[in-house]
Amino acid sequence: MRKLYFFLAICIFIGCKKDEPKIIPVVKKKAPAIILTEERSVEIDTAIIGTYKSETLKQFYNSSENKTVWGNLKKRTYVLSQLQNSEKLGLDPEDYKASQLQKFEKRISSLSDTELATYDILLTYNFEKYLNHLFKGKLDPKKIYTDWDLDEKVLDVNNILIKAFNKNKLDSIVDNIQPKSETYKELLKALEIIDTFQDDNIEKITTDSLTKKISLNESNAALINIKKRLLFWGDMTGKDSLTTVYNRKTFESIKKFQERHGLAADGVIGQGTISALNYSKERRKQQIIANLERWRWFTADFAENYFIINIPDYSLNVVEDQDTTLVRNIVVGTSKRKTPIITSTLKTVVFNPTWTVPPTILKEDVVPAMKKNRNYLANKNITIYDTSGHVVEPTAWNENKPNNYRYVQSPGYTNSLGVMKILFPNHHSVYLHDTNHRNYFGRSNRSLSSGCVRIENPLELAEHILNDTVRFSKVKIDTIIASKKTMSFKITKKYALYQWYWTAWSKKNQLIFRADIYNLDSDLYAKLRN
């Protein structure tokens, strides 16, 4: 009997072993072998490669059996010229040792074997770094920001480089690796345009001289430098007497300038217009370079159908089959309560949503207001619930323990979310929604929300994306809204959401800028050049 038990135990043990999942090793895609030509080539000491602490570099030279590869003058010249001219793409040539590489090249015929190996490694290491920067940016947004949720971009740089190297097609690799989006191309054009401007030395327009806004036909000493700026940027053409009078010619030029900068094009010169005028050429160039970096972070593969939001432009575009089908004004978060940068997928439309007061608004807005007026929430149709789900009267609310309650606003036209919201997966508890402050869409500065994006005329948008003329016609949607019952419907057509941030581009050879509402541009440029 003991033998039988022992035999059964062995069988169970073997059976369990068979049921254990097999560990499958992760196999990295091996790069193709490098085809070497007959030019001078030397062996490379692998210890030198190891000093770079780069697995990619190690694998690259494994493909050449640890021999130098850049003996061909044409290939070498192409790499050198790309790194030297990387500033045309908003990058810094010295990030890629351009000057040091040129010094090696001038001595190429007299380099020792060790020097040639060093030069070869430097060419490979810096060109691959350059390609990586063009593909996914120099910096990692996840290490800079806590509210930027973007999918990581992965590049098999060895595979791409070696294939181009072997086929003598290095001259196409840089173009192919960069983002293909129209905005990225417009930014490259903007960089080209701004380099045509001379360096400016115009005095800063001081706000001390502006006791009020300047209107047509008024006089102000600041107008001299204002006119100089307008002439510099080309918004005013020809010559001007540079008087202190706000004449009709200057008025029309200001409106043109305001339109380029997303300001109310009313010709009235206020603080927003002065702030935009005071940007120097160098600062605008830095802004363009910062935006090029952002667009390298963003996905290069747009979905067939998508919503794209530019936060500083306060705009939402619906794009379907490469055609813009709807455009909407939006309201975004303030600088203290920023709208997060997100790539996601739209999931659900909710009509007549309730609104639960989030922690930040509870702490900063609701609690102080309730301490002053116990009827504050009741006046906003917000009900207080305790942890058991029972309604709490405002008089019984404990102001010392505000987090012990849930605060829910009933559906309706005056609900903070309005009459509709659109949900999508994200880590920030934000969504797109209507608003009870519909007058905000008439403002030029719409950085006014607590983080979510508010949409103008949202019911038309819902009708469009639900795309069912029977179930979700305008009449049916109006009926749902009138019921004041919360109803959720799945969005069956797949829409990606790109909720992004960029403050510069070009259009028809004109520079276009938007206010950097979250003050990100200067800091990002400084990090890029660090």
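Taken over segment 403-413, residues that are of a type in the set (Phe, Trp, Tyr) and in a loop (DSSP other than H, G, I, E, B) amount to 2. Of all residues in segment 265-288, which are open to solvent by less than 50 Å² (accessible area, probe 1.4 Å), over 25 Å from Gln198 (Cα atoms) and modelled with pLDDT under 95? Gly270 - this is the single residue of segment 265-288 that is open to solvent by less than 50 Å² (accessible area, probe 1.4 Å), over 25 Å from Gln198 (Cα atoms) and modelled with pLDDT under 95.
If you go through segment 381-402 one residue at a time, do you hit one that is assigned to a strand (DSSP E or B) and among the charged types (D, E, K, R)? Full working, then the answer.
Restricting attention to segment 381-402, the residues satisfying the condition of being assigned to a strand (DSSP E or B) are 382-385, 391-392.
From what is left, the residues that are among the charged types (D, E, K, R) are none.
Scanning segment 381-402 turns up no residue that is assigned to a strand (DSSP E or B) and among the charged types (D, E, K, R).
Restricted to helices (runs of 4 or more DSSP H) entirely inside segment 47-133, those with at least 2 residues that are of a type in the set (A, V, I, L, M), under 36 Å from the mean Cα position of the chain (by Cα) and modelled with pLDDT of 95 or more are 73-84, 98-106. Pro411 meets the conditions (1) surrounded by fewer than 20 Cβ atoms within 10 Å (Cβ to Cβ); (2) touching a Ser or Thr at 6+ places or on another chain (Cβ under 6 Å); (3) at negative phi in every case but one. The failed one is (1).
Can you go through Lys380, Lys401 and tell me which one is open to solvent by 20 Å² or more (accessible area, probe 1.4 Å), closer than 28 Å to Asp478 by Cα and charged (D, E, K, R)? Before the answer, list the steps.
Numbers: Lys401 fails: closer than 28 Å to Asp478 by Cα.
Testing whether each residue is open to solvent by 20 Å² or more (accessible area, probe 1.4 Å), closer than 28 Å to Asp478 by Cα and charged (D, E, K, R) leaves just Lys380.
Across segment 289-310, the qualifying residues are those that are within 24 Å of Leu155 (Cα to Cα) and in contact with an Asp or Glu (Cβ under 7 Å, 6 or more places away or on another chain), and the one among them that is most open to solvent (accessible area, probe 1.4 Å) is Glu304. Pairs linking a residue in segment 510-522 that is open to solvent by 60 Å² or more (accessible area, probe 1.4 Å) to a residue that is of a type in the set (D, E, K, R), with Cβ atoms under 9 Å and 6 or more positions apart or on different chains, are Gln510/Arg260; Ser522/Arg283; Ser522/Asp516.
Report yes if Leu139 is at pLDDT 95 or above, assigned to a loop (DSSP other than H, G, I, E, B) and in contact with a helix residue (DSSP H, G or I) (Cβ under 8 Å, 6 or more places away or on another chain), otherwise no.
Values: at pLDDT 95 or above: yes; assigned to a loop (DSSP other than H, G, I, E, B): yes; in contact with a helix residue (DSSP H, G or I) (Cβ under 8 Å, 6 or more places away or on another chain): yes.
So Leu139 fits the description; yes.
Name the one entry in Ser429, Ser416 that is open to solvent by 40 Å² or more (accessible area, probe 1.4 Å), of a type in the set (S, T, N, Q), touching a residue at least 60 places away in the same chain (Cβ under 8 Å) and not in a helix (DSSP H, G or I).
Details: Ser416 fails: open to solvent by 40 Å² or more (accessible area, probe 1.4 Å).
Selected residue: Ser429, the only one of Ser429, Ser416 that is open to solvent by 40 Å² or more (accessible area, probe 1.4 Å), of a type in the set (S, T, N, Q), touching a residue at least 60 places away in the same chain (Cβ under 8 Å) and not in a helix (DSSP H, G or I).
Of all the listed residues (Lys180, Lys167, Lys185), the sole one being in contact (Cβ under 8 Å) with a residue 60 or more places away in the chain and open to solvent by 20 Å² or more (accessible area, probe 1.4 Å) is Lys180.
Considering only segment 237-252, state which residues are of a type in the set (A, V, I, L, M, F, W, C) and within 18 Å of Ala264 (Cα to Cα). Walk me through how you get there before you give the answer.
First, pick out the residues of segment 237-252 that are of a type in the set (A, V, I, L, M, F, W, C): 242, 245, 251.
Matches in segment 237-252: Phe251 only.
Phe232 satisfies every condition listed in (1) open to solvent by 30 Å² or more (accessible area, probe 1.4 Å); (2) closer than 27 Å to Ile517 by Cβ; (3) at pLDDT below 95; (4) not basic (Lys, Arg) except (3).
Can you name the residue in segment 32-66 that is under 17 Å from Asn166 (Cβ atoms) and polar (S, T, N, Q) and is also most open to solvent (accessible area, probe 1.4 Å) among such residues? Can you show your working first?
Taking segment 32-66 as the starting set, the residues that turn out to be under 17 Å from Asn166 (Cβ atoms) are 32-39, 41, 59-65.
Add one more test, that the residue is polar (S, T, N, Q), and what stays is 37, 41, 59, 62-64.
Details: Thr37: 75, Ser41: 53, Gln59: 60, Asn62: 91, Ser63: 18, Ser64: 5 Å².
It comes out as Asn62.
Residues that are under 15 Å from Leu497 (Cα atoms), in a loop (DSSP other than H, G, I, E, B) and open to solvent by less than 70 Å² (accessible area, probe 1.4 Å) within segment 320-339 comprise just one, Thr339.
Within segment 92-136, the set of residues being surrounded by 15 or more Cβ atoms within 10 Å (Cβ to Cβ) and among the small types (Gly, Ala, Ser) comprises Ala98, Ala117.
Listed by position, the helices (runs of 4 or more DSSP H) enclosed by segment 248-313 that each have at least 2 residues that are touching a strand residue (DSSP E or B) at 6+ places or on another chain (Cβ under 7 Å) are 248-260, 281-297.
Mind listing whichever residues of segment 433-454 are within 25 Å of Thr345 (Cβ to Cβ), in contact (Cβ under 8 Å) with a residue 60 or more places away in the chain and touching a Pro at 6+ places or on another chain (Cβ under 9 Å)? His433, Thr435, Ser450, Gly451, listed by residue number. Counted as qualifying within segment 476-526 are the strands (runs of 3 or more DSSP E) with 3 or more residues that are closer than 22 Å to Val453 by Cβ, namely 487-490, 496-500.
For segment 449-466, indicate whether the set of residues that are open to solvent by 30 Å² or more (accessible area, probe 1.4 Å), in a loop (DSSP other than H, G, I, E, B) and modelled with pLDDT under 95 is non-empty. Scanning segment 449-466, I find at least one residue that is open to solvent by 30 Å² or more (accessible area, probe 1.4 Å), in a loop (DSSP other than H, G, I, E, B) and modelled with pLDDT under 95, so the answer is yes.
The values are calculated or read from the model by the stated rules, or taken from the named source; none is laboratory data. As the structure is a prediction and not an experimental result, all values here were calculated from the model. Cβ sites come from the backbone with ideal geometry, for glycine too, and all protein chains shown count toward neighbours. Quick note on the areas: whole protein, heavy atoms, side chains included, nothing else; ligands and nucleic acids left out. Shrake-Rupley method; radii C 1.70, N 1.55, O 1.52, S 1.80 Å.
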